[in-house]
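Worksheet: the structure to be examined is printed underneath.
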Amino acid sequence: MAEPKPIRILSVEDHPVFREGLSTIIGSQPDMCMVAQAANAEQAVAEFRRFRPDITLMDLRLPGTDGTDALIAIRGEFPEARIIILTTSEGDAEIQRAMRAGAYAYLLKSMPKGEILAVIRSVHAGRKHVPAEVAARLAEHLGEEDLTTRELAVLRLIRDGYRNKQIADRLAIAETTVNFHIKNLADKLGANDRAHAVAIAIRRGLLEA
């Protein structure tokens with residue numbers, strides 16, 4: 001009887017030490033094979049086209065374009081692509097965005113290697129997977145209103161050190177409108193003030209640091 005083919009894996013990871021460790025772990029599994037590696041989103045798309053892997057392990061924090069955008073690009077061309085996010089990012093907004101974009105699983109790099117390998121096999125068999133700790137993070141903010149594009153624009157300018165009057169000038173809106181947006185932001189994020197709103201948004205992955 002013919003041996004089952006190993007699961008062919010593409011790793012998208014810009015950290016050399018983690019990439020090497022992952023390669024060693026995958027290489028030690030008789031039913032898995034690391035066929036290619038990429039360090040950024042552009043390489044990820046090119047390597048996927050070249051090798052058509054069974055599973056792609058995708059970091060979110062990549063230089064330039066982030067991992068979710070790379071996921072969207074790959075799945076736009078190859079809708080059947082099975083992509084697992086493997087990252088340190090625990091923000092609920094990032095988890096939601098990746099899952100909505102079609103990720104099959106969302107794993108944290110802190111998880112035991114046995115669990116990561118089990119999820120690779122599970123996704124290869126066609127199942128989706130969100131670990132309990134990731135699901136709990138999502139559930140914390142279930143049913144909360146999303147921030148609007150304008151609210152995010154205000155938040156970015158607060159992060160960059162702009163005062164309310166300067167924000168109004170930059171966005172060509174009244175200062176009273178800026179104050180209204182900041183009040184909404186504080187309510188939605190459960191923040192005490194504008195600086196606290198920025199800190200919460202960064203922690204949740206709604207805003208880059």
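Observations
- Qualifying residue in segment 104-126 (condition: aromatic (Phe, Trp, Tyr) and crowded, with 19+ Cβ neighbours inside 10 Å): yes
- Checking every residue in segment 91-104 against the condition of being touching a helix residue (DSSP H, G or I) at 6+ places or on another chain (Cβ under 9 Å) and more than 30 Å from Leu189 (Cβ to Cβ) gives zero matches.
- Residue that is farthest from the chain's Cα centre (by Cα) [pool: residues in segment 57-101 that are over 17 Å from Val130 (Cβ atoms) and touching a residue at least 40 places away in the same chain (Cβ under 8 Å)]: Pro63
- Scan of segment 102-147 for residues that are farther than 20 Å from Gly67 by Cα, in a loop (DSSP other than H, G, I, E, B) and among the hydrophobic types (A, V, I, L, M, F, W, C), ordered by number: Ala125, Leu142, Leu147
- Cβ-Cβ distances below 6 Å connect no pair with a first residue in segment 113-127 that is closer than 14 Å to Ile83 by Cβ, a second residue that is exposed (fewer than 13 other Cβ atoms within 10 Å of the Cβ) and of a type in the set (D, E, K, R), and a separation of six or more residues or different chains.
- Some residue of segment 185-199 being of a type in the set (Asp, Glu), at pLDDT below 90 and farther than 30 Å from Arg8 by Cβ: yes
- Within the span defined as segment 124-142, one or more residues are within 24 Å of Leu22 (Cα to Cα), more than 15 Å from the chain's Cα centre (by Cα) and modelled with pLDDT under 90.
- Only one entry of Ala172, Ala186, Ala153, Ala201 meets the criterion of being out of contact with any Ser or Thr (no Cβ under 8 Å at 6 or more places or on another chain) and under 27 Å from Ile83 (Cα atoms), and that entry is Ala201.
- Residue in segment 117-126 that is hydroxyl-bearing (Ser, Thr, Tyr) and touching a helix residue (DSSP H, G or I) at 6+ places or on another chain (Cβ under 8 Å) present: no
- Of the helices (runs of 4 or more DSSP H) entirely within segment 152-204, those holding at least 2 residues that are free of Cβ contacts under 8 Å to residues at least 40 places away in the same chain and more than 27 Å from the chain's Cα centre (by Cα) occupy 164-171, 175-189.
The rows are residues; the columns are (1) in contact with a Leu (Cβ under 7 Å, 6 or more places away or on another chain); (2) at pLDDT below 95; (3) hydroxyl-bearing (Ser, Thr, Tyr).
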{"position": "Gln43", "(1), (2), (3)": "no, no, no"}
{"position": "Ala46", "(1), (2), (3)": "no, no, no"}
{"position": "Met58", "(1), (2), (3)": "yes, no, no"}
{"position": "Leu62", "(1), (2), (3)": "no, yes, no"}
{"position": "Ile74", "(1), (2), (3)": "no, no, no"}
{"position": "Ile84", "(1), (2), (3)": "yes, no, no"}
{"position": "Thr87", "(1), (2), (3)": "yes, yes, yes"}
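The values are calculated or read from the model by the stated rules, or taken from the named source; none is laboratory data. Treat the numbers as computed from the prediction; the structure is a model and nothing was measured. Methodologically, a virtual Cβ is constructed for each residue, glycine included, from the backbone with ideal geometry; neighbour enumeration extends over all protein chains shown.
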